[in-house]
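Trainee: I am attaching a structure below and will ask some questions about it afterwards.
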Amino acid sequence: MKEQLQEIKSRALANMQAAQDLAALDTVRVSVLGKKGELTAVLKLMGKLSAEERPIMGQMANAVRAELEARLEERKAELEAAALEAKLAAEAVDVTIPGAEITMGYQHPMNKVLQEVKEIFIGMGYTIVDGPEVEEAAYNFTRLNIEEGHPSRDRSDTFYFDDEDQVLLRTQTSPMQIRVMEQQQPPIRILAPGRVFRKDEADATHSPMFHQIEGLVVDEGITMGDLKGALETLIKRLYGEDAVVRFRPHHFPFTEPSCEVDMQCFKCKGKGEIDGQICSTCHGEGWIELLGAGMVHPKVLEGCGIDPEKYSGFAFGIGLERMAMGRLRFNDLRLIFENDIRFLSQF
Ligand code: PHE
């Protein structure tokens, strides 16, 4: 029995040493010290021993058990330490590897310029207002003094929703003039930016969807001088004091007199050509059209319940894309809508 105990002990110790993980170690524990383990089996045989032998063997068996249990705890600690080591090695972070760059978001160039324009007008006391893109023909045309049969009402220019041509995608932000004036008596000073829609083929300076910024000021004694002052302030703040602008007579049904405002082409500096080639930015014009403007037509004021004998006003409609092209110096309007990150991230 003594030899048996020694044999069990040395085999168990060897097996513990050979165990490479905690599960294997536990298998060894169960096979020796478990209910049906080898040592337990030997202890069960104790009863058959003589009275003299029993305490000696009992002591010995207990010593073996104690030694095995101690070694078991030790080996367990070793394996746990090794497992932790391996886990740390596997999860190790190499702090010398360059970090993955997190790219910051940024404003779309259009929003950037829109924000600049808004701030300039807010500084002059304007309020920003918003209105519908799906508009009634009454607001988009009729109440702006644009009569039935006017070419801009044509189905080849305007997106209509109905057969009677009464509901449409607004072709300009000018209906906001009517929406504000029918709600509010002077003094009025508003800015209404938004999307507009026309059946235009896309090219370097046209798009079927683009943005306008409508401005409207109505009060006593407003003149064309006020209009010029407001627009010159805008353009000089946006493009710098040396920006060259011109006011050119024009016609709009809802303003009288009317004008268009151009900026000298930033690409060819007004020459219309570069190295004998026609300038692609201004199409050889030397000037880039930025906006339409004028004094609000008395009929339009009257139609909104504002007395044209007492009040006068001016309005303007800025093409935001054109303005952004000049401000940010790029020459194809389509770039704005293509959302190519290589273009957008330049600003
Ligand atoms: N709505 C006009 C256009 O789209 C621009 C404009 C606005 C003209 C306000 C005069 C006054 O061309």
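Trainee: Place a label point 7 angstrom from the Cα of Ala204 along the Cα-to-Cβ direction, then list the residues of segment 313-347 whose backbone nitrogen is under 18 Å away.
Mentor: Within reach of a label on Ala204, which here means backbone N under 18 Å from a point 7 Å along Cα→Cβ, segment 313-347 contributes 321-338.
Trainee: Answer with one residue from Met176, Tyr160, His206: the one whose Cα lies farthest towards the positive end of the charge dipole of segment 66-220, charges on Cβ with Lys, Arg +1 and Asp, Glu -1.
Mentor: Met176
Trainee: Highest GNM mean-square fluctuation, the chain, Cα pairs closer than 10 Å: which of Glu67, Glu309, Glu101?
Mentor: Result for the chain, Cα springs under 10 Å: Glu67 fluctuates most.
Trainee: Of all alpha-carbon pairs in segment 97-175, indicate the percentage at a distance above 18 angstrom.
Mentor: Here the long-distance tail beyond 18 Å is 60 percent of all Cα pairs in segment 97-175.
Trainee: Please give the charge dipole size of segment 158-263, origin at the Cα centre, charges +1 on K and R Cβ atoms and -1 on D and E Cβ atoms. Round to the nearest 20 debye.
Mentor: That gives segment 158-263 a dipole magnitude of about 340 debye.
Trainee: Right, here's the next one. Roughly how big is segment 219-319's charge dipole about its Cα centre, with Cβ charges of +1 (Lys, Arg) and -1 (Asp, Glu), in debye to the nearest 20?
Mentor: 300
Trainee: For the chain, what is the charge dipole size about the Cα centre, in debye to the nearest 20, if Lys and Arg each add +1 at the Cβ and Asp and Glu each add -1 at the Cβ?
Mentor: 1820
Trainee: Taking 0.36 nm per intervening residue step and subtracting the Cα-Cα distance, what contour gain separates Glu273 from Gln185 on full extension?
Mentor: Contour length minus the Cα-Cα distance gives 26.8 nm.
Trainee: Moving on to the next point. Could you tell me the center-to-center distance, by alpha carbons, between segment 259-299 and segment 147-204 in angstrom?
Mentor: 23
Trainee: Find which of Pro55, Val28, Ala86 sits farthest along the positive direction of the dipole of segment 2-90, computed with +1 on the beta-carbon of Lys and Arg, -1 on that of Asp and Glu, about the Cα centre.
Mentor: Among Pro55, Val28, Ala86, the one farthest towards the positive end of the dipole of segment 2-90 is Pro55.
Trainee: If you don't mind, there's one more thing I want to ask. Counting only other residues whose beta carbon sits under 15 Å from that of Asn15, what net charge do I get with K and R as +1, D and E as -1?
Mentor: -2
Trainee: Can you put His251, His211 in order of Cβ neighbours within 10 angstrom, beginning with the fewest?
Mentor: Starting with the residue having the fewest Cβ neighbours, the order is His251, His211.
Trainee: Ok, one more. So which trypsin sites (Lys or Arg not before Pro) in segment 132-163 end up in coil per DSSP with only 12 or fewer other C-beta atoms within 10 Å?
Mentor: Loop-located and lightly packed - Arg155.
Trainee: Follow-up. Taking 8 Å as the Cα distance limit and 6 or more residues as the minimum spacing, I'd like the relative contact order of segment 195-285 as a percentage.
Mentor: Result for segment 195-285 is 14 percent.
Trainee: Okay, next question. In 5 Å bins starting at zero, report the fraction of Cα pairs in segment 197-347 per bin as a rounded %.
Mentor: 2, 9, 16, 18, 18, 15, 10, 7, 4, 2, 0, 0
Trainee: Output the relative contact order of segment 1-115, whole-number percent, from Cα pairs under 8 angstrom with separation of 6+ residues.
Mentor: 27
Trainee: Given the Cα-Cα distance of Lys48 and Met1 and 0.36 nm per residue of separation, how much length would full extension add, in nm?
Mentor: 15.8 nm
Trainee: What fraction, in whole percent, of alpha-carbon pairs in the chain exceed 27 Å separation?
Mentor: 63
Trainee: Would you mind calculating the relative contact order of the chain from Cα pairs under 8 angstrom and at least 6 residues apart, reporting the percent as a whole number?
Mentor: It rounds to 14 percent for the chain.
Trainee: May I pose another question? Using DSSP to define loop residues, name the trypsin sites (Lys or Arg not before Pro) in segment 215-299 whose beta-carbon has at most 15 other beta-carbon atoms within 10 Å.
Mentor: Taking segment 215-299 and a limit of 15 other Cβ atoms within 10 Å, the loop trypsin sites (Lys or Arg not before Pro) found are Lys269, Lys271.
Trainee: Let me ask something else. Which trypsin sites (Lys or Arg not before Pro) in segment 19-126 sit in a loop by DSSP (not H, G, I, E or B) and have at most 10 other Cβ atoms within 10 Å of their own Cβ?
Mentor: Lys35, Lys36
Trainee: What does segment 2-90 give for Rg and for Dmax, in Å, if only its C-alpha atoms count?
Mentor: So, for segment 2-90, Rg and Dmax equal 15.6, 58 Å respectively.
Trainee: A follow-up question, please. Based solely on its DSSP helices, what 222 nm [θ] is calculated for the chain when runs of n ≥ 4 H residues each add -39,500 (n - 2.57) and the sum is averaged over all residues, nearest 500 deg cm²/dmol?
Mentor: My calculation for the chain gives -12500 deg cm²/dmol from helical runs alone.
Trainee: I've got another one for you. Mind checking which of Ala192, Ile122, Ala137 is farthest towards the positive end of segment 93-207's charge dipole, using Cβ charges of +1 (Lys, Arg) and -1 (Asp, Glu) about the Cα centre?
Mentor: Toward the positive end, the furthest listed residue is Ile122.
Trainee: Name the cysteines of the chain that stand alone by the Cβ rule: no other cysteine Cβ under 4.7 angstrom.
Mentor: Result for the chain is Cys259, Cys304, no neighbouring Cys Cβ within the cutoff.
Computed from the coordinates by the stated procedures, all read-outs in this text should not be read as laboratory data. The shown structure was predicted, so the numbers you read here are calculated from the model rather than taken from an experiment. Because the Cβ atoms are built from the backbone with ideal geometry, glycine has one as well, and the counts that use them run over all protein chains shown.
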